[in-house]
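**Student:** There's a structure below that I have some questions on.
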Amino acid sequence: MKKTLLGLLVVWSLLLPTQSRSADYEVGLSMYSLRKLFKSGQLTAMDYPAFAKEKFGITKIDVWTGGFPEGWEDDADFLPNLKKAADESGSEIFLVMAQIVDCRPDEEKKLRAKGSMHKWAVDAAETLDSKFVRIFVRADPNADEDIATKKIITALEPLADYAKSKDKILVIEPMPIKHSRSGAFLANLVKTFGHDHCWLMPDFGKMKGTDIYQGTEDMMPYAKAISAKTHNINEDGSAEGFDYPRLMKIINDTGYNGIIAIEYEGKNLGPVEGVLATKKLIEQS
């Protein structure tokens with residue numbers, strides 16, 4: 001009887017998932033994944049929220065100005081209408097993509113002259129009712145880590161303060177250059193800065209030349225959003241260049257409960273097929 005019970009318990013344990021999911025995240029979508037559709041005119045920014053929901057069942061989306069129509073900056077109605085399109089589709093624009101906060105020596109005068117050059121993104125996030133603004137940071141590659149950290153913090157502080165005044169959160173994404181591609185460097189940067197409106201956004205594909213698994217682990221205590229990058233998808237459904245089960249285990253083990261946004265950048269599948277394949281990878285890992 002004991003042996004029979006033991007045998008049943010063994011069989012039952014084998015039927016359990018190999019990885020228990022302790023995290024409670026939502027799968028989102030990066031607009032950049034569909035760049036080919038925007039470029040070809042097959043998809044417009046106004047149709048994007050409904051498209052994401054209908055094609056992928058995803059209602060947490062970010063926006064990227066490369067998918068916006070030319071001259072959108074001069075159209076006072078564009079962002080309010082985009083917010084309306086998201087609301088009508090039952091979607092939420094959770095993040096606005098901005099670009100680089102550059103504190104290299106040749107950029108410092110420009111930065112001071114313009115004040116914080118990415119305030120527009122914080123203002124856009126306010127109009128779109130988005131919580132996050134994604135940025136990159138770039139320091140002088142010849143500077144040591146301590147100097148680079150100080151320079152970046154000096155450059156970031158006005159923008160972080162402005163984000164705080166609007167109740168928005170900056171999230172720094174890695175960038176495949178010295179300093180910024182290191183998860184440990186970015187984690188130390190945010191820890192040293194200690195600003196409650198400046199955090200991190202791990203991106204699996206932006207830590208080139210480093211250990212992306214260790215880098216992701218280093219960043220996770222400070223992560224408020226995650227970019228789930230994929231390049232090409234292999235025939236067996238795995239991601240070329242990334243061990244997704246390993247990456248997702250790192251995320252699950254932290255109990256992360258934010259948004260993991262799909263960012264498909266491959267060429268061997270179309271945008272829709274690539275997003276669907278990446279979504280499956282996340283959900284099965």
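**Student:** Which lysines, if any, have their Cα less than 17 Å from the Cα of Lys178, not counting same-chain residues under 8 positions apart?
**Tutor:** Lys150, Lys151, Lys206, Lys208
**Student:** Hey, rough spin-label estimate for Lys208 and Arg246, points 7 angstrom out along Cα→Cβ, what's it come to in nanometres?
**Tutor:** Simple spin-label model gives 2.0 nm for this pair.
**Student:** If the only charges are +1 at each Lys and Arg Cβ and -1 at each Asp and Glu Cβ, what is the size of the charge dipole of the stretch 165-285 around the Cα centre, to the nearest 20 debye?
**Tutor:** Values: 14 positive and 16 negative charges, 79 e Å.
About 380 debye.
**Student:** To the nearest 10 degrees, how steeply does helix 271-284 sit against the main Cα axis of the chain, on a 0 to 90 scale?
**Tutor:** Roughly 50 degrees, rounded to the nearest 10.
**Student:** May I pose another question? Taking a temperature of 10 °C and a viscosity of 1.306 mPa s, what whole-number D in µm²/s does Stokes-Einstein yield for the stretch 221-285 with Rh from Kirkwood over alpha carbon pairs? Each step should come with its number before you reach the end.
**Tutor:** Working: Rh = 12.1 Å.
My calculation gives 131 µm²/s for D.
**Student:** Taking every pair of distinct Cα atoms and averaging 1/r, then inverting, what Kirkwood hydrodynamic radius in Å comes out for the stretch 151-285? Present the calculation step by step, with values, prior to reporting the outcome.
**Tutor:** Values: mean 1/r = 0.0645 Å⁻¹.
Evaluated on the stretch 151-285, it is 15.5 Å.
**Student:** Give the Cα extents of the chain along the principal axes, in whole Å, largest first.
**Tutor:** 80, 45, 34
**Student:** Shifting gears a bit: Can you give the Kirkwood hydrodynamic radius of the stretch 31-155 from its Cα pairs, in Å with one decimal?
**Tutor:** Result for the stretch 31-155, one decimal place: 16.1 Å.
**Student:** Can you give the FRET efficiency for Glu265 and Glu157, using 1/(1 + (r/R0)^6), R0 = 45 Å, r = Cβ-Cβ distance, to the nearest 0.05? Intermediate values should be presented prior to the final figure.
**Tutor:** On the way: r = 32 Å, r/R0 = 0.71.
It comes to 0.90.
**Student:** Enumerate by residue number the GluC sites (Glu not before Pro) in the stretch 228-285 meeting two conditions: DSSP loop (anything except H, G, I, E, B), and at most 11 other Cβ atoms within 10 Å of the site's Cβ.
**Tutor:** Working: sites: Glu235, Glu240, Glu263, Glu265, Glu273, Glu283; in loops: Glu235, Glu240, Glu265.
Answer in residue order: Glu235, Glu240.
**Student:** Also, quick follow-up: Using 1/(1 + (r/R0)^6) with R0 = 25 angstrom and r between the beta carbons of Gln284 and Ala50, what's the FRET efficiency to the nearest 0.05? Kindly include the intermediate steps, with their values, before the conclusion.
**Tutor:** Values: r = 26 Å, r/R0 = 1.06.
After rounding, the FRET efficiency stands at 0.40.
**Student:** Please give the per residue volume of the convex hull enclosing the alpha carbon atoms of the stretch 116-185, rounded to a whole number of Å³. Intermediate results must be reported in sequence, preceding the final value.
**Tutor:** Working: hull volume 5.8 nm³, N = 70.
Dividing the Cα hull volume of the stretch 116-185 by its residue count gives 83 Å³.
**Student:** Among rounded, prolate and oblate, which fits the stretch 111-228 when a ≥ b ≥ c are the square roots of the eigenvalues of its C-alpha gyration tensor, a/c under 1.5 means rounded, and a/b larger than b/c means prolate? Please list the in-between numbers first.
**Tutor:** Details: a/c = 1.90, a/b = 1.31, b/c = 1.45.
Oblate, since a/c reaches 1.5 and b/c is not below a/b.
**Student:** For the stretch 149-205, restrict the atom set to alpha-carbon positions and state the Rg and Dmax in Å.
**Tutor:** 11.1, 32
**Student:** To the nearest 0.05, what FRET efficiency results for Asp24 and Ile100 with a Förster distance of 25 Å applied to their C-beta separation? Please list the in-between numbers first.
**Tutor:** On the way: r = 32 Å, r/R0 = 1.29.
Working from the Cβ atoms, E equals 0.20.
**Student:** Using the basic label-point model (7 angstrom from Cα toward the beta carbon), what is the Ala76 to Ala184 distance in nanometres?
**Tutor:** It works out to 5.2 nm between the two label points.
Every number here is computed from the coordinates shown, using simple stated rules; none is lab data. Quick caveat: nothing in here was measured; it's all calculated off a predicted structure. Using ideal geometry, Cβ is built from the backbone for each residue, glycine included, and neighbour counts are taken over all protein chains shown.
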